[in-house]
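Enquirer: My structure is below; once you've seen it, I'll send some questions.
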Amino acid sequence: MNTKRFVEARKALGLSQMELAEGICTQATLSRFENNGKVPNLKILIQLCNRLNLPLDELFPRVGVKHTETIEKMNQAEFFLITSEYEQAKALLDTISNDDIKEPGLGMRYYYLKGFVMIFQGRPVTEILFLFDQILLADEPNEENIFHLLAYTGSGMVYSREKEQEKAEFYFNKVLEKIYTYPTTEIEDTWRVLNIVFQCGVFYSGIQELEISNALLTYAVSICSDNHVTYYLARAATQLAKNAIVQNKPAAVILELIYDARAYSKINKNVIALKELADLEQKVLSTKGAD
């Protein structure tokens, strides 16, 4: 109960505890409520509030408000992660305190988001892996939940960034063993599966395993199509275009992929992707022409 609000209302009317309690309850009952939080029975509480012209619901604790606000922040941060707006994602995550993430599932989501943002911001390896360890070493009965798979993916990404490809491939292989059969029950899980498949595609492109990369990226596109999700369509198409450039495919093929990615980026208002695609198009036109 918000006893502070109650006391403020009594004092605003200039009433003493004795004056407010008169005819309703004893002063001792009122004092125990205001000073120790011992709530009287509902009938008495309603009468006290009526005398103060104070709606009873203003005293009730705001159950779940902080939780909801935290989830909203994480939702927005996850969207910024999808659209590569890492500074905005970091700014939101920095407003979340440890008190906001005591629930295990919420904590795992926070560590995954924080870890991925830190990868793209070039933060030290040990800092990033410590965050993923908070997920992987948690006392969780389900060791194959989506956040474990994301932690494996993030670990692979950070080792790849550090050019330790053997370690990176170890983690990506652990993910690929399980991601194809992972059951998605919520749209957020679909985003996360797409994130994993896409990052795997990027990794295999980086080590010149373009056939594997293209298969993974095409799979990502099919997931988007099957689930009517546009996020990651642009990024998958962009990476496919980059792979096509490395494979020296005709300009028309590459440009078609770029134009597809541009259309998806416009739908999602992904300005960072649009800038990257404009640069990529210019590079193709200047080196290959329009075939």
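The values are calculated or read from the model by the stated rules, or taken from the named source; none is laboratory data. Keep in mind that this is a model prediction, so the values were computed, not measured. Ideal geometry is used to build each Cβ from the backbone, glycine not excepted, and the neighbour counts take in all protein chains shown. Protein only, heavy atoms only, side chains kept; ligands, DNA and RNA dropped before computing areas. Shrake-Rupley method; radii C 1.70, N 1.55, O 1.52, S 1.80 Å.
Enquirer: Let me spell it out: the conditions are (1) open to solvent by less than 10 Å² (accessible area, probe 1.4 Å); (2) within 14 Å of residue 147 (Cα to Cα); (3) over 14 Å from the mean Cα position of the chain (by Cα), and residue 128 meets all of them except one. Which number is the exception?
Expert: Unmet for residue 128, out of (1) open to solvent by less than 10 Å² (accessible area, probe 1.4 Å); (2) within 14 Å of residue 147 (Cα to Cα); (3) over 14 Å from the mean Cα position of the chain (by Cα): (2).
Enquirer: Does residue 265 satisfy being farther than 27 Å from residue 163 by Cα, touching a helix residue (DSSP H, G or I) at 6+ places or on another chain (Cβ under 6 Å) and without any contact (Cβ under 8 Å) to a residue 40 or more places away in the chain? Break it down stepwise before answering.
Expert: Working: farther than 27 Å from residue 163 by Cα: yes; touching a helix residue (DSSP H, G or I) at 6+ places or on another chain (Cβ under 6 Å): yes; without any contact (Cβ under 8 Å) to a residue 40 or more places away in the chain: yes.
So residue 265 passes the test.
Enquirer: Sticking with this one: Take residue 92 and tell me if it is over 26 Å from residue 236 (Cβ atoms) and free of Cβ contacts under 8 Å to residues at least 60 places away in the same chain.
Expert: In short, no.
Enquirer: Are any of the residues in segment 225-234 open to solvent by 60 Å² or more (accessible area, probe 1.4 Å), in contact (Cβ under 8 Å) with a residue 40 or more places away in the chain and out of contact with any Phe, Trp or Tyr (no Cβ under 9 Å at 6 or more places or on another chain)?
Expert: yes
Enquirer: Of all the residues that make up segment 207-229, how many are under 16 Å from residue 184 (Cβ atoms) and not aliphatic (A, V, I, L, M)?
Expert: Result for segment 207-229: 7.
Enquirer: Scanning segment 149-196 for residues that are closer than 24 Å to residue 71 by Cβ and hydrophobic (A, V, I, L, M, F, W, C), which turns out most open to solvent (accessible area, probe 1.4 Å)?
Expert: Checked segment 149-196; the qualifying residue most open to solvent (accessible area, probe 1.4 Å) is 187.
Enquirer: Filter segment 77-92 down to the residues that are open to solvent by 30 Å² or more (accessible area, probe 1.4 Å) and part of a helix (DSSP H, G or I) and list them by number.
Expert: The answer is 79, 80, 86, 87, 88, 90, 91, 92.
Enquirer: If you don't mind, there's one more thing I want to ask. Take residues that are open to solvent by less than 30 Å² (accessible area, probe 1.4 Å) and tell me which of the helices (runs of 4 or more DSSP H) falling wholly in segment 1-56 contain 3 or more.
Expert: Output list reads 3-12, 27-36, 42-52.
Enquirer: Only one of these is within 13 Å of the chain's Cα centre (by Cα), more than 30 Å from residue 277 (Cβ to Cβ) and either among the polar types (S, T, N, Q) or open to solvent by 80 Å² or more (accessible area, probe 1.4 Å) (or both): 95, 70. Name it.
Expert: The conditions single out 70.
Enquirer: Is it true that residue 39 is at pLDDT below 90 and β-branched (Val, Ile, Thr)? Full working, then the answer.
Expert: Details: at pLDDT below 90: yes; β-branched (Val, Ile, Thr): yes.
Criteria met by residue 39.
Enquirer: For residues that are exposed (fewer than 12 other Cβ atoms within 10 Å of the Cβ) and polar (S, T, N, Q), scanning just segment 237-291, find the one that is nearest to residue 205 (Cα to Cα).
Expert: Here the residue is 248.
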